[in-house]
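The values are calculated or read from the model by the stated rules, or taken from the named source; none is laboratory data. Since this is a predicted model, take the numbers as computed values, not measurements. When we count neighbours, we look across all protein chains shown, and the Cβ atoms used for this are built from the backbone with ideal geometry, even at glycine.
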Amino acid sequence: MRHARTWTALAVVLAILAGALVVSAQQPVNLAFSTLGQGTAWYVYGATMANLLRQTLPAGSNVDVKPFSGGVGNAKLVAKNETPLGLSFTVTNRWAFEGTEAYDAKLENLRGLVGGLDTYYLVAIAAKKLDISSLKDIKERKVPVKLYTLPVGSLGELGARQLLREYGLTYADLKSLGGSASHVGYKVIVDGMKDGHGDLLIAVITPKHPSITEIATFSEVKFLPLDAERVKGLGRLGYTPETMPANTFKNQAQPVGTVGFPTVLITNKELPEPIAYTVTKTVIENKDALVRGHAGLTAFEPKTAWQPEKVGLPLHPGAERAYREKGWMK
């Protein structure tokens, strides 16, 4: 009899908890979503996802897409819960969780929602007039270059520093050779590469990237391959060897050996489980809509979006529930 009362009480408690979750899931939420500057692929990704989420989150909810701050800064914003949602990369997730490279403290409250959204490449794009075939030529031939990167806080800028470091170069070295280093948005970069104010761009890019497409179409440039030793060195930081196929961009007739990584949708432990579940479920069930929003998401495979190598962080319990319900995660 005592056991029966115990089980009855437990059932009541579980029912109350379940009811609380349902009520919680029905309350409107306002979610800030950190991406990158307008004109970038990430901003378009975020806007596309936000449009979908406004239809599936509790009535009255809103998702505010922020035009900042990139693969490095977004993890910090999400960890502080300034933006409960953010786009990041597997490599930056790893550094953030471990407190290495760009992070001076471990951001252990970060959690993954959807990984493997695309394929990004770390690339160096040089004006043909520079007449260089590798970044090593800059140091060996003392070539003055006018470098562009995205603003500090983006992986594009950090990746530029890491790549230059592999070739024994710093921004200060570029300046000492008569060159420069500017950290600006894509509007300035595109105009500068076309009019000659810049002649070298180091960035992280996805296929069909609109700004890189414009540069490759209307500027005389070439994509510089990375040599095997530099790829190996970057691999120690968590980058993966990749080859950007020929004709990924106009006038790029040869494949480009480099390193790569995918984009990841991240959150933190504070995001309620029902909301994390809804966000994840919405993204993994709407690949066609995502691709219509940006062709860079064509390679996204929802069935494997939970895999550790495609996320770089522990999954949020709400995301895990979404994948298990699909039968994709055992």
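Test ILE205 against the criterion of being out of contact with any His (no Cβ under 8 Å at 6 or more places or on another chain) and closer than 22 Å to THR298 by Cα, and give yes or no. Yes; evaluated as a whole, the condition is true for this residue. Could you pull out the residue among ARG54, ARG5 that is surrounded by fewer than 17 Cβ atoms within 10 Å (Cβ to Cβ), of a type in the set (D, E, K, R) and at pLDDT below 50? Among ARG54, ARG5, only ARG5 is surrounded by fewer than 17 Cβ atoms within 10 Å (Cβ to Cβ), of a type in the set (D, E, K, R) and at pLDDT below 50.
Within the range 130-142, can one find any residue that is under 15 Å from the mean Cα position of the chain (by Cα) and surrounded by 15 or more Cβ atoms within 10 Å (Cβ to Cβ)? No.
Of all the listed residues (ARG236, ARG292, ARG324), the sole one being among the basic types (Lys, Arg), under 20 Å from THR92 (Cα atoms) and surrounded by fewer than 19 Cβ atoms within 10 Å (Cβ to Cβ) is ARG236.
Once the range 28-38 is narrowed to residues that are of a type outside the set (Ser, Thr, Tyr) and surrounded by 17 or more Cβ atoms within 10 Å (Cβ to Cβ), the residue that is farthest from SER69 (Cα to Cα) is VAL29. For the range 91-103, the count of residues that are part of a helix (DSSP H, G or I), of a type in the set (S, T, N, Q), touching a residue at least 12 places away in the same chain (Cβ under 8 Å) and farther than 30 Å from LEU224 by Cα is zero.
Only helices (runs of 4 or more DSSP H) whose full extent lies in the range 274-329 are considered here, and the ones with at least 3 residues that are of a type outside the set (D, E, K, R) are 287-293, 317-326.
Taken over the range 245-271, residues that are farther than 18 Å from THR40 by Cβ and in contact (Cβ under 8 Å) with a residue 40 or more places away in the chain amount to 8.
Hey, among PRO302, PRO274, PRO308, which residue is without any contact (Cβ under 8 Å) to a residue 24 or more places away in the chain and either in the same structural domain as ALA59 (by TED's automatic domain parsing) or out of contact with any helix residue (DSSP H, G or I) (no Cβ under 6 Å at 6 or more places or on another chain) (or both)? Just one listed residue meets the conditions, PRO308. Scanning the range 204-243 for residues that are without any contact (Cβ under 8 Å) to a residue 24 or more places away in the chain and outside any helix (DSSP H, G or I) turns up ARG236, THR240, PRO241, THR243. Taking each residue of the range 162-187 that is assigned to a helix (DSSP H, G or I) and looking for partners that are of a type in the set (Lys, Arg) and surrounded by fewer than 19 Cβ atoms within 10 Å (Cβ to Cβ) with beta-carbon atoms closer than 8 Å, six or more apart or interchain, yields TYR171/ARG161; ASP173/LYS139.
For the range 244-261: of the residues being in a loop (DSSP other than H, G, I, E, B) and in contact with a strand residue (DSSP E or B) (Cβ under 6 Å, 6 or more places away or on another chain), which is nearest to ILE125 (Cα to Cα)? Give the steps one after another, and end with the answer.
We begin by selecting, within the range 244-261, every residue in a loop (DSSP other than H, G, I, E, B); these are 245-255.
Still in the list and also in contact with a strand residue (DSSP E or B) (Cβ under 6 Å, 6 or more places away or on another chain): 252, 255.
On the way: GLN252: 11, PRO255: 13 Å.
Only one residue tops the list, namely GLN252.
Regarding LYS269, is this residue surrounded by fewer than 22 Cβ atoms within 10 Å (Cβ to Cβ), in the same structural domain as PRO84 (by TED's automatic domain parsing) and among the basic types (Lys, Arg)? In short, yes. Residues that are small (Gly, Ala, Ser) and assigned to a helix (DSSP H, G or I) within the range 47-89 comprise ALA47, ALA50, GLY70, GLY71, GLY73, ALA75, ALA79, listed in sequence order. Scanning the range 173-217 for residues that are of a type in the set (A, V, I, L, M, F, W, C) and within 13 Å of ILE125 (Cβ to Cβ) gives ILE189, VAL190, MET193, LEU200, LEU201, ILE202, ALA203, VAL204, ILE205, ILE212, ILE215, ALA216. The one condition from (1) within 11 Å of LEU224 (Cβ to Cβ); (2) of a type in the set (Val, Ile, Thr); (3) part of a loop (DSSP other than H, G, I, E, B) that ILE125 does not meet is (3).
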